[in-house]
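A short write-up of the structure that comes next.
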């Protein structure tokens with residue numbers, strides 16, 4: 001079974017090597033981002049706790065507590081609070097957005113790499129057809145078509161789960177943005193600054 005998989009893999013030609021590297025890059029970066037958003041430095045607690053923490057910042061815990069204390073410390077106007085929350089958003093989310101753009105680029109490159117393999121395989125097929133007839137030509141045509149189809153399939157197979165991974169990461173990023181906006185709104189309401 002493993003031997004058959006290896007034979008199929010190598011029938012895709014040299015394009016299968018960059019496709020494998022793309023797959024490793026996509027899934028390693030995607031899983032790192034997902035873990036960072038799930039268990040990393042972005043844990044903000046629950047909304048039920050935020051109101052208590054906003055009114056008593058010294059009891060606030062975790063990342064949300066740090067944000068609440070930072071945004072309420074020595075502020076005299078609402079614009080200062082908004083500026084500090086914008087600073088927090090930039091600090092927390094800029095790196096995630098940059099890595100998400102890189103991940104989207106890698107995901108978009110996978111089908112294009114598969115298409116490159118398709119073109120290379122079809123060129124081999126046409127070269128075999130133009131060389132004449134016989135059993136040797138039929139084997140060359142079959143090899144070219146096999147290369148064309150396997151690379152296309154692999155490119156799509158790498159890209160499709162990558163798309164879903166980026167959607168999950170984007171959804172978690174938006175949840176963090178919404179939580180920060182809600183904490184900001186509650187802070188402004190509590191401080192009643194103009």
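Annotations for the structure displayed:
- Comparing mean-square fluctuations of 64, 78, 159 from a GNM of the chain with C-alpha springs under 10 Å, the top value falls on 78.
- Net length gained if the chain between residue 20 and residue 34 were fully extended (0.36 nm per residue, minus Cα distance): 2.9 nm
- Per-pair calculated FRET efficiency, R0 = 41 Å: residue 91 and residue 160 via Cβ, rounded to 0.05: 0.80
- Of [x] 43; [y] 30; [z] 7, the label for percent of Cα pairs over 32 Å apart derived from the coordinates: [x]
- Helix 78-130 axis versus longest C-alpha principal axis of the chain: approximately 0°, rounded to the nearest ten.
- Relative to the longest principal axis of the Cα atoms of the chain, the long axis of helix 16-39 lies at roughly 20 degrees.
- Working from label points 7 Å from Cα in the Cα-to-Cβ sense, the residue 1 to residue 69 distance is 5.5 nm.
Since every read-out is calculated from the coordinates, none of them should be taken as a lab result. Fair warning: this is a prediction, and the values are worked out from it, not measured in the lab. With ideal geometry, Cβ positions are generated from the backbone for all residues, glycine too; neighbour counts draw on all protein chains shown.
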